[in-house]
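Engineer: Right, I'll just put the structure down here and ask away after.
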There are 4 protein chains.
Amino acid sequence: MNKTDKKPTWKQRIHEIIYEADTKEGKLFDVILLIAIIASIVLVMLESIESFDKEYHNFLNISEWVITILFSIEYILRVVSIKKPFKYIFSFYGIIDFLSTIPKYLSFIIIGSHHFVALRALRLLRVFRILKLARYIGASNNLKIALKASRAKIAVFIFFIVIICIILGTIMYMIEGAENGFTSIPRSVYWAIVTLTTVGFGDIAPQTPLGQLIASVIMILGYGIIAIPTGIVSSEMARTNNTLDTNTQACPNCLKDKHKDKATFCYNCGSILNP
Amino acid sequence: MNKTDKKPTWKQRIHEIIYEADTKEGKLFDVILLIAIIASIVLVMLESIESFDKEYHNFLNISEWVITILFSIEYILRVVSIKKPFKYIFSFYGIIDFLSTIPKYLSFIIIGSHHFVALRALRLLRVFRILKLARYIGASNNLKIALKASRAKIAVFIFFIVIICIILGTIMYMIEGAENGFTSIPRSVYWAIVTLTTVGFGDIAPQTPLGQLIASVIMILGYGIIAIPTGIVSSEMARTNNTLDTNTQACPNCLKDKHKDKATFCYNCGSILNP
Amino acid sequence: MNKTDKKPTWKQRIHEIIYEADTKEGKLFDVILLIAIIASIVLVMLESIESFDKEYHNFLNISEWVITILFSIEYILRVVSIKKPFKYIFSFYGIIDFLSTIPKYLSFIIIGSHHFVALRALRLLRVFRILKLARYIGASNNLKIALKASRAKIAVFIFFIVIICIILGTIMYMIEGAENGFTSIPRSVYWAIVTLTTVGFGDIAPQTPLGQLIASVIMILGYGIIAIPTGIVSSEMARTNNTLDTNTQACPNCLKDKHKDKATFCYNCGSILNP
Amino acid sequence: MNKTDKKPTWKQRIHEIIYEADTKEGKLFDVILLIAIIASIVLVMLESIESFDKEYHNFLNISEWVITILFSIEYILRVVSIKKPFKYIFSFYGIIDFLSTIPKYLSFIIIGSHHFVALRALRLLRVFRILKLARYIGASNNLKIALKASRAKIAVFIFFIVIICIILGTIMYMIEGAENGFTSIPRSVYWAIVTLTTVGFGDIAPQTPLGQLIASVIMILGYGIIAIPTGIVSSEMARTNNTLDTNTQACPNCLKDKHKDKATFCYNCGSILNP
């Protein structure tokens, strides 16, 4: 951003408000945007409830138009105020912004299209814009580091879960068979996942004694191995936490390390620590 | 409380018994109060079972009157024995005490009002009074510190859960549609929450193969990310425990505390710590 | 046990075999006992399956007699071989042994009593005898220490869970009402427990939008606070583990502590550690 | 493998490609094998869906033949290229390879045998071959160590879970009885496992107030003790992570390893460690 003594142009001012959150206006804009996004999501949801849509159709329609026009103005301002508009337009969030604004206009061109479920869902893409705003949340940093560090382990874990579910699902398919709801191997694998993850819908349930025995084994297995992802993340987070509190500086006199971050004297020999 | 050699007035004595738990009478009062509250909660619950209410209506009615009169006496004594009665009356627990005592009297004024569900629920507010007594439990302190420290992270976590459920719920709404029970987006989001949290009621369940595939992904996701809140609280509790390795000794020179247990010099100013 | 050169009497020999597990015969006895107990439990279970009982009634009856006679002999030997028989007879395991042996004999005295469910259950008390054998498992010690240390915290946690479920159950009772399955407050509290603990039977499920919204809150709450008992036990176990590896011995030269258990020289200054 | 200047024979070359993953061709072979296995699993699954099998029977049949022939060639090459063929043939993976390839050929000999569910399941044994490829995944090592270390504790835990479920299941069988779905003790124990592990199918659910009370206790119990396996694995993983703080340097004097990272003297013999 231009911080010289020259007065910023209106484009620069708008850029400052829309793309940055340092100034008071920028923060205000982010808050208004957040409210508009949430209002828009609630609208789309309410619209999908048939009985609600029938009764308050006009209200929903007008509100949707107001929000669509607001987002349209924001989209145009974003394109206009940036130096390289195409970089924004073809960025992930640029495409999201465009796709979530267009459906209401399309409902004019294609008559009856406002019934289309797909168009409704497009508008819900605005949810992703909340994630963009989420970068301001500091508390998620520590979490992100721990998750990134344990990503590979969790992938391996999920991989084994899927293989176990394929094996167990096939066994259940052979034992229970189509007459008890296990009509195909994929459906049995689906049931194994439902059971192992302790979700337990109950739409399919084993009926034979042997099937119930194996189901019991799957459930106890699932109850036990839930400990694994938890253990992975827990130990990774404990590690991240530990390294955040102490530094790696060694005392110049007694060579002890792991001093507290704010320490200026060695806790062991009392020498002054190098800053 | 007045601890001089002057004999305490009866107001002071009652204040001592009701508001404090240092004396033998104070502790006895707390125990009786706890039993009365639990008895009262059980009564309200039993009353709500229609068949039980029909058979034992008189017993329930009389018991409720006994308890109501006891709580009324307690309420009056609380108001009378305190120096600033209005401070108590308009405090959180003062209002709770009043609201949970009044319903039985209202059943005289408004004929038939003892049927009202709302009045019944008001009496259940006494549950909160148990929480007031809970302050005596020392074991919850460590827990409270850990929870307070991880509050922000858990909020961020719940926020992401809700967003994920909105996205997944919408996808399921488009795939399964109204004919399979996913009649609206909010209902689909509700289903996504039921599935992701591994509750799995089974009142709504995916019927199409693609829906079951995505449901499997949601379930494995939910099974995996349950590790995150657990990881947060675990590492935070481990940290709280670790600070038990630091002592509460203050440096005689700079008054800094939280020294390591084995430290002999202050980490801040280098003075020798008293052993 | 008598370890003098005098030859042990047959009572001493039997005592050695039954009550101790040091000798080869003692261990063999424990293994045979374990097999007999498991066989007995399986028998009682199979007997309770009506269709199985009809077909194999004779086999089950004879097997049960064989096992009952075996346990009777064991019971008599236990009483005879011990010095203070009444101490055994009125001990917890003595009563269990008696109660689990008697039902089959009672079926003679009381005609038709072998149908009684209660007598069948009495025989299942033998399960507790497995727990007696479990004292040999060393792996459970560390676990037991951690559980004992976190007992108070877990009790507080369960207490809060119950209170939260009473409050949430009452709210759901008022919102959903009897027409949606929430017929009474205890039933609603039961549903709240089913939901919060992520069990989710689905026999009762909210039907109104507001009820589903609150159910969503309960589910996310339950999904989040499952972290608390886990955090408690994890941090407690980590603590137990840590203190098992290092000792509290301090180096006589540099005063550093937390040496490895098997260390004979200080890892910091190289001085010999006192044994 | 022969690394002399003599040119390797074609047998050695094939051995290198099939059994090893060091060369470019070896890695390529593993990737193709993985794709073929996954394709094969998907085929078997799709075949089990009746409606899908009817429509695309020819496509599935031909694809299965192509894959079977590919695996046959691979099997022959494996036997031919190894020095001791019988060691491979009677190894675990050798038998798996054979059993998963044979079913398609058997469908010629035994007419109509391609309907047999068992033959279909045999082909799914190829899933185990993925596990063979999994040895390349480094991320699972740390996990494996932690799991191996906590194996005994988890076994004890599962053992107690099963005993608790037998006791609770019997109690529920006595309370609810056959008229509420608890038709036999094994079925009640199955229900107790479903409930304790928080799966909650809902195919069997308590109907009496007392049954619901005990169910509530089971659920809270299950919700609480899920913390135990988690605590075991978490603390074990933290421990494994901690040993990463020790280095692999061996003492030049006594050859002991696992010194602390900051150690300058051997904890065993007091010699100076090489930096």
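Engineer: Under the convention of a label 7 Å out along Cα→Cβ, give the distances in nm from B:L221 to the same position in every other copy, shortest first.
Structural biologist: Computed spacing set for this position: 2.5, 2.5, 3.5 nm.
Engineer: Next question, about the same structure. Can you flag which of A:K148/D:K144; B:K54/B:K104; A:K24/A:K104; C:K87/D:K153; A:K54/A:K104; D:K27/D:K104 are past 22 Å Cα-Cα?
Structural biologist: Checking Cα-Cα distances, A:K24/A:K104; C:K87/D:K153; D:K27/D:K104 exceed 22 Å.
Engineer: Averaging the inverse of every distinct alpha carbon separation and then flipping it gives the Kirkwood radius. What is it for the stretch B:3-133, in angstrom units?
Structural biologist: 16.0
Engineer: If the label for C:L70 sits 7 angstrom from Cα along the Cα-to-Cβ line, what are its distances to the same label in every other copy, in nm to one decimal, shortest first?
Structural biologist: In nanometres, ordered from closest: 5.5, 5.5, 7.7.
Engineer: Ballpark to the nearest 100 Å², how much total accessible area do D and C bury together, probe 1.4 Å?
Structural biologist: So the buried area, both faces added, is about 4800 Å².
Engineer: Follow-up question, since we're still on this one. Using a 1.4 Å probe and ignoring any ligands, DNA or RNA, find the accessible area of B:H15 and quote it in Å² to the nearest 10.
Structural biologist: 50
Engineer: To continue, here is another question. Using the crude model of +1 on Lys and Arg Cβ and -1 on Asp and Glu Cβ, and no other charge, please compute the dipole size for the stretch A:3-133 relative to its Cα centre, in debye to 20.
Structural biologist: That gives the stretch A:3-133 a dipole magnitude of about 720 debye.
Engineer: Of all the accessible heavy-atom surface of the stretch B:7-51, with the other protein chains kept in place and a 1.4 Å probe, what percent is carbon and sulfur?
Structural biologist: Percent of accessible area from carbon and sulfur atoms in the stretch B:7-51: 70.
Engineer: Compute the accessible area of each residue in the stretch C:41-57 twice, once for its chain alone and once with every protein chain present, using a 1.4 Å probe on heavy atoms, and list those whose area falls by at least 50 Å².
Structural biologist: Listed in order, they are C:M45, C:S48.
Engineer: Roughly how much of B:E179 is accessible, in Å² to the nearest 10, using a 1.4 Å probe?
Structural biologist: Only protein atoms counted, so the area is about 150 Å².
Engineer: Please report the accessible area of B:K144 (heavy atoms, 1.4 Å probe, ligands and nucleic acids excluded) in Å², nearest 10.
Structural biologist: Accessible area of B:K144: about 110 Å².
Engineer: Can you tell me the accessible area per residue over the stretch A:3-133, all protein chains present, probe 1.4 angstrom, in square angstrom?
Structural biologist: 61
Engineer: Something else now. Would you rank A:L210, B:L131 by solvent-accessible area, highest first, keeping every protein chain in place and using a 1.4 Å probe?
Structural biologist: Highest to lowest solvent-accessible surface, that is A:L210, B:L131.
Engineer: Let me ask something additional. Rounding to the nearest 20 debye, state how big the charge dipole of the stretch D:139-239 is about its Cα centre with +1 on each Lys and Arg Cβ and -1 on each Asp and Glu Cβ.
Structural biologist: For the stretch D:139-239, the charge dipole is close to 620 debye.
Engineer: Just the accessible area per residue of the stretch B:138-216, please: how many Å² with a 1.4 Å probe?
Structural biologist: 36
Engineer: From the label point of B:A178, set 7 Å from Cα along Cα→Cβ, how far away are the matching label points in the other copies, in nm, ordered shortest to longest?
Structural biologist: Nearest first, the other copies' label points are 3.3, 3.3, 4.6 nm away.
Engineer: Looking at C:T208, C:P229, C:T195, which one has the Cα that reaches farthest to the positive end of the dipole of the stretch C:139-239 (charges on Cβ: Lys, Arg +1; Asp, Glu -1)?
Structural biologist: C:P229
Engineer: Show B:L34, A:L70, A:L124 ordered by accessible area, largest first, where the area counts protein heavy atoms only and the probe is 1.4 Å.
Structural biologist: A:L70, B:L34, A:L124
Engineer: Hey, if we sort C:Y105, D:Y75 by accessible area with the 1.4 Å probe, largest down, what's the order?
Structural biologist: C:Y105, D:Y75
The values are calculated or read from the model by the stated rules, or taken from the named source; none is laboratory data. As the structure is a computational prediction, the values presented were derived from the model and not from experiment. We place every Cβ from the backbone using ideal geometry, glycine too, and count neighbours over all the protein chains shown. Remember, those area values only see protein heavy atoms, side chains included, never the ligands or the DNA or RNA. Shrake-Rupley method; radii C 1.70, N 1.55, O 1.52, S 1.80 Å.
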